[in-house]
Amino acid sequence: MASQDSSAPPPPTGGSERIDAWIWSVRLTKTRSQAAAACKAGHVRVNGQRVKPAHALKVGDEVRLFHADRERLVVVSKLIRKRVGPPVAVQCYVDNSPPPPPREFVAPVAVRDRGAGGPSKRDRRQMDRLRGVAKR
């Protein structure tokens, strides 16, 4: 009986691969457990359908991933089993993701001097006005 070894060739074009393993292999997530957790939480869709981590992925499938406050939309062009470097990983999919939001649109975080204590009543009212919080 022949056993599979890690140097096995990638699956043929007609084959399939687990969605969580593929997302990790092409570096869309840092760990495979993050990929599996995203699938379980419903943050991964294949051709518009929510999928479990063991879903079989095929060439031509559209994968939509919500991860790290960003939406990634990729079309599978090649199936791989092992994690590869970034130059090889980008050849395995066509990235149709919307561009990330510009950094200047991210709201600045208020910084208080160390030891200054909490905000005064006047400071708190000014912060509420900036945020648009209505009075009770």
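Each reported figure results from applying straightforward, stated rules to the coordinates on display, with no laboratory input. Just so you know, these numbers come straight off a predicted model, no measurement behind them. FYI the Cβ positions are ideal-geometry reconstructions off the backbone, even for glycines, and counts take in every protein chain you see.
Quick query: amide H of His67 versus all other amide H atoms, modeled in the peptide plane; which residues come in under 5 Å with a sequence gap of 5 or more or a different chain?
Under 5 Å from the amide H of His67: Arg72.
How much length is gained on full extension from Ala116 to Asp95, taking 0.36 nm per residue of separation minus their Cα-Cα distance? Provide the component values of the computation, followed by the final result.
Working: separation 21, 0.36 × 21 = 7.56 nm, distance 4.75 nm.
Computed gain between Ala116 and Asp95 is 2.8 nm.
For segment 25-136, rounded, prolate or oblate, judged on the Cα gyration tensor with a ≥ b ≥ c (square roots of eigenvalues), a/c < 1.5 rounded, else prolate if a/b > b/c? It would help to have the intermediate numbers written out before the result.
Numbers: a/c = 2.97, a/b = 2.62, b/c = 1.13.
Here segment 25-136 falls in the prolate category.
Whole-Hz Karplus ³J(HN,Hα) for segment 82-87, in order, using 6.51 cos²θ - 1.76 cosθ + 1.60 and θ = phi - 60°, x for Gly and Pro?
My calculation for segment 82-87 gives 9, 5, 10, x, x, x Hz in order.
Short version: ³J(HN,Hα) in whole Hz for each residue of segment 43-53, in order, from phi by Karplus 6.51 cos²θ - 1.76 cosθ + 1.60 (θ = phi - 60°), x for Gly and Pro, what are they?
8, 10, 10, 10, 6, x, 10, 5, 10, 8, x
Taking K and R as +1 and D and E as -1, what net charge do the other residues with C-beta under 12 Å from the C-beta of Leu79 add up to?
Cβ neighbours under 12 Å give a net charge of +3.
Sequence neighbours fewer than 8 away in the same chain don't count; with that in mind, list the lysines whose C-alpha is under 18 Å from Lys30.
Lys40, Lys82
For Lys121, which lysines qualify as cross-link partners when the Cα separation must be under 22 Å and same-chain residues fewer than eight apart are set aside?
The reachable lysines, counting only those whose Cα sits under 22 Å from Lys121, are Lys135.
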